[in-house]
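These notes are about the structure you will find just below.
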Amino acid sequence: MLKINENYLKLQASYLFSDIARKVASFQEQHPDMDVIKLGIGDVTRPLPDACIKAFHAAVDEMGTESGFHGYGPEQGYEFLRQAIADNDFQARGAKITADEIFVSDGAKCDTGNIQELFSIDARVAIPDPVYPVYLDTNVMAGRTGTFADGRYQGITYLDSTHENSYVPELPAEPVDLIYLCFPNNPTGSTISKEQLKIWVDYAKENKALILFDAAYEAFIRDDSLPHSIYEVEGAREVAIEFRSFSKNAGFTGTRCAYTVVPKECVAYDSAGNRQPVHPLWNRRHCTKFNGVSYPVQRAAEAVYSDEGKAQVRELVGSYLKNGDLIARVIGELGFDYVGGDNSPYIWIRSDRDSWEFFDMLLTRAGVVCTPGAGFGKCGRGYIRLSAFNSYENVERAMERIRQAL
Ligand code: MLT
């Protein structure tokens, strides 16, 4: 008799965004004339930058020639892309990351979900609340938690991100080994200063812990004092893995390209207490389970770092930030307490209603899709998240409808 992995039975019925998509589809079926505006899932709406499209086309044409054809590429990514990433995203900001520490992949979702496989099943895990559900669910699937009760899994150390701490969690009260952090934060849109991040790096060093730093939204940072990478903080190379994506800056959500940085100094420990570098383990996993991102997609990603590409990406991100600014302004005028919208595409809105009730109300009365905060954790109860990923015209219409509905 084949037995299943019972950890899957501990999961909530379905993935948050699938749940929302189903509710919205059912609403649209019942109200076919209603023009629904989606400010829910953080999916980009604008086309790929011209520089990326040109590089994409050229690479597809190359693939049609004898001399330019590419079969299996290096699992870790082509050198041209890894070097462009190291030069532009790290060395240009004073962070000493080299090309061979970068692993190109098809998404930060997969990488943040898969990385936990490298660590022991009894690793003590700290996860922010509210949180991007992937970090938590993948640890549940792996068996690092007990059952779910009152919005929380037993065995996880939750790092509350609340109005009181400006949505930047404090150090855990009990010792932990693996710490997930995400800044600019999804879902709250909050940011972290270099000084605050240094506190986490120092904690990880003192406690032989490791930080998994999700920086998928770094391109939205406009405040020059904020760190774009954890490696801008001294000492982070030994204790942090960073995740980045081309999804939110260059619009690659449907094209798929991301990367993970695993510095050579980064270690975890074996049962005898010996230091074990994580880099060769992630390399081993990547080579075994992943066959690389396609050549044309990597050429398109490389174009993000051309002069033309940089200007186009800045304009693209700027357009979403303009939406964020509008959402934040209207939400503020309506008297809500909120965070985000600047340095981030998300606006985290506090209300005294149940967040699913608020979601239903916005959908039925305004035809606007948001994400209920409770879907991101217990601390998200009483909150909703609005995303700035849409056209300015749609955001203007959505905010006008929300104004009317409230
Ligand atoms: C979100 O809406 O939180 C994100 O789009 C989800 C993702 O990037 O996978």
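The values are calculated or read from the model by the stated rules, or taken from the named source; none is laboratory data. Model, not experiment: these values are computed from the prediction. FYI the Cβ positions are ideal-geometry reconstructions off the backbone, even for glycines, and counts take in every protein chain you see.
For the reader, a short list of remarks on this structure follows.
- Residue within region 59-77 that is over 19 Å from residue 250 (Cα atoms), among the β-branched types (Val, Ile, Thr), modelled with pLDDT of 95 or more and buried (at least 19 other Cβ atoms within 10 Å of the Cβ) present: no
- Residue selected from region 14-61 under the condition assigned to a loop (DSSP other than H, G, I, E, B) and of a type in the set (Ser, Thr, Tyr), by the criterion farthest from the ligand (Cβ to nearest atom): 14
- Meets criteria (part of a strand (DSSP E or B), closer than 30 Å to residue 239 by Cβ and in contact (Cβ under 8 Å) with a residue 12 or more places away in the chain) for residue 293: no
- From the list 153, 180, the one residue that fits, being assigned by TED's automatic domain parsing to the domain that holds residue 290 and over 19 Å from residue 233 (Cβ atoms), is 153.
- Test result for residue 119, in contact with a Leu (Cβ under 8 Å, 6 or more places away or on another chain), more than 16 Å from the ligand (Cβ to nearest atom) and either modelled with pLDDT under 95 or over 29 Å from residue 265 (Cα atoms) (or both): no
- Taking region 49-58 as the range and being surrounded by fewer than 21 Cβ atoms within 10 Å (Cβ to Cβ) and touching a residue at least 12 places away in the same chain (Cβ under 8 Å) as the test, the residues that pass are 50, 53, 54, 56, 58.
- Residue identified as among the basic types (Lys, Arg) and surrounded by 15 or more Cβ atoms within 10 Å (Cβ to Cβ) among 284, 256: 256
- Members of region 194-209 found to be among the small types (Gly, Ala, Ser) and either touching a Ser or Thr at 6+ places or on another chain (Cβ under 7 Å) or in a helix (DSSP H, G or I) (or both), listed by number: 204
So that you can scan it fast, the table gives a plain yes or no per residue for (1) within 16 Å of the ligand (Cβ to nearest atom); (2) among the small types (Gly, Ala, Ser); (3) under 23 Å from the mean Cα position of the chain (by Cα); (4) not in a loop (DSSP other than H, G, I, E, B):
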residue	(1), (2), (3), (4)
224	no, no, yes, no
228	no, no, yes, no
237	no, no, yes, yes
244	yes, no, yes, yes
249	yes, no, yes, yes
256	yes, no, yes, no
259	yes, no, yes, yes
268	no, yes, no, yes
282	no, no, yes, yes
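- Matching strands (runs of 3 or more DSSP E) fully within region 101-183 where at least 1 residues are among the charged types (D, E, K, R): 125-129, 156-160
- Of all residues in region 360-406, those satisfying the criterion of being within 13 Å of the ligand (Cβ to nearest atom) and either in a helix (DSSP H, G or I) or touching an Asp or Glu at 6+ places or on another chain (Cβ under 7 Å) (or both) are 373, 375, 376, 377, 380, 389.
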